[in-house]
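The structure under discussion appears below in the form of structure tokens.
We did not get these values from a lab; they are worked out from the coordinates using the rules stated. As the structure is a prediction and not an experimental result, all values here were calculated from the model. Cβ: placed from backbone, ideal geometry, glycine included. Neighbour counts: every protein chain shown.
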Amino acid sequence: MNIQGDVSIHNWIPGIDEKYNLILFIDDKSRYVLYAKFVESDSLENHITALKELIYNFGYPIAIYYDNDSKYNYIRRNGMYFDLDKQLEKPLIPNALDELGINLINSKPYQPQGKGKVERKFLTFQNQLPFYLKDRGAKNIDDANRILAKYVEKHNKSYSKAINNSTPEEVFKNSDDAFKQIKKSDIEKI
């Protein structure tokens, strides 16, 4: 099971000047939204929390496809980690994913089209979600996250031409791909 993850800062709640970050993970095959949450900052801590929740809820994916943000943009060559040909210490997220047996795949710098599915999902969310949040009276980040959960549920059950007129939920649940189950002994490791 491969997933794509990214974050988008946007003025999600109309009438509020503050922009929030939306952390999003989707299943690569079905485009099923696995995780979506508004956060105040694009911080390492928020990404770690998101990854933990994703793994607790679904298990281990085979791979996570991210961009080249400094939190997770280091690539491994011959047992060493590099960033633009400069040897660096291995950062926390790549190290943790490596220990859990999850492959980390990074898109090429300045080429977001490699993450087209998650980027397309953000575009859809940016065009629809502010109206959905406004219509349902979101006034702050807590309201927005509560409403977002309902929006994602609805979104996952909506038919899409991109996946043969099925819903992301149908394709995800009927997929031969599977997340590796986590064991009780893995909880502490995570």
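The table below lists the values:
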read-out	value
Qualifying chymotrypsin sites (Phe, Trp or Tyr not before Pro) for region 111-183 [loop in DSSP, other Cβ within 10 Å: at most 15]	TYR159
Members of LYS117/LYS180; LYS29/LYS157; LYS19/LYS139; LYS19/LYS161; LYS52/LYS121; LYS134/LYS154 lying beyond 20 Å, as alpha-carbon distances in this model show	LYS117/LYS180; LYS19/LYS161; LYS52/LYS121
Stretch gain in nm, segment LEU44-ARG136, where the contour uses 0.36 nm per residue and the Cα spacing is subtracted	30.1 nm
